[in-house]
Amino acid sequence: MRKSARSSTLATVAAIPLLAFAGCADDSSVSTVSMGLDEFSISLDRSSVPAGMVRFVGENTGEDLHEFVILRTDLALSALPLDASGDVDEHGAGLEIIGEVEDIEPGMTGEVTLDLAAGRYVVICNITETEPDGTVEHHFGLGMATTLIAK
Ligand SMILES: [Cu+2]
């Protein structure tokens, strides 16, 4: 009897996230892109979205401070313009900033909803930090960049 009550509790708990997910899916006008940010990569749960309203949800699963910046560009990741310090020049030629969420602490999640026209986008973390030993880490250069297509 006790065992059966326990499984029933588990089933109830499991149903909550499913209901929450269904609630999001019902809002068919907004697509969601879930992202994981860590040292040093940005992973997306999809490589393309329908053009229109897109909700970006980025969880910092790493140990450093991260951010995400969505830029409209046709440039390859390796061809993004850099500024003098070695960060991506977000105002550089061939780039258009669409939106960003700065300073996401480890374990925290940042989100932003943007209206994306059809096209190619890159998602980057443009944070640079200096470690206690003097090592300078450009998160973009270390691999925190990926692409997303809106169509
Ligand atoms: Cu970062």
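The values are calculated or read from the model by the stated rules, or taken from the named source; none is laboratory data. Bear in mind the structure is a predicted one, so any value in this text is a computation, not a measurement. Every residue, glycine as well, gets a Cβ built from its backbone with ideal geometry; the counts of neighbours run over all protein chains shown.
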For this session: Note down all Cβ pairs under 7 Å where the first residue falls in segment 56-84 and is free of Cβ contacts under 8 Å to residues at least 40 places away in the same chain, the second is more than 10 Å from the ligand (Cβ to nearest atom) and among the acidic types (Asp, Glu), and they're at least six residues apart or on different chains.
Result: 81/89; 82/89; 83/89
For this session: Give segment 42-96 a look and list any residue that's modelled with pLDDT of 95 or more, closer than 17 Å to residue 127 by Cα and in contact with a Gly (Cβ under 7 Å, 6 or more places away or on another chain), or say none.
Result: 43, 58, 59, 60, 61, 68, 70, 81
Exercise. Looking at segment 49-84, which of the residues that are within 16 Å of the ligand (Cβ to nearest atom) and part of a loop (DSSP other than H, G, I, E, B) is surrounded by the fewest Cβ atoms within 10 Å (Cβ to Cβ)?
Worked result: 63
Exercise. Quick one: how many residues across segment 101-151 are touching a Gly at 6+ places or on another chain (Cβ under 9 Å) and among the basic types (Lys, Arg)?
Worked result: 1
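Could you please let me know if residue 94 is of a type in the set (Gly, Ala, Ser), part of a loop (DSSP other than H, G, I, E, B) and more than 16 Å from the ligand (Cβ to nearest atom)?
On the way: of a type in the set (Gly, Ala, Ser): yes; part of a loop (DSSP other than H, G, I, E, B): yes; more than 16 Å from the ligand (Cβ to nearest atom): yes.
Yes: the conditions hold for residue 94.
Output the residue which, of all residues in segment 97-135 that are farther than 22 Å from residue 34 by Cα and either more than 16 Å from the ligand (Cβ to nearest atom) or in a loop (DSSP other than H, G, I, E, B) (or both), is modelled with the lowest pLDDT.
In the first step, residues of segment 97-135 are kept if they are farther than 22 Å from residue 34 by Cα; the result is 128-135.
With either more than 16 Å from the ligand (Cβ to nearest atom) or in a loop (DSSP other than H, G, I, E, B) (or both) added as a condition, the list becomes 131-135.
Numbers: 131: 88, 132: 92, 133: 95, 134: 94, 135: 92.
If we take residues in segment 97-135 being farther than 22 Å from residue 34 by Cα and either more than 16 Å from the ligand (Cβ to nearest atom) or in a loop (DSSP other than H, G, I, E, B) (or both), then 131 is modelled with the lowest pLDDT.
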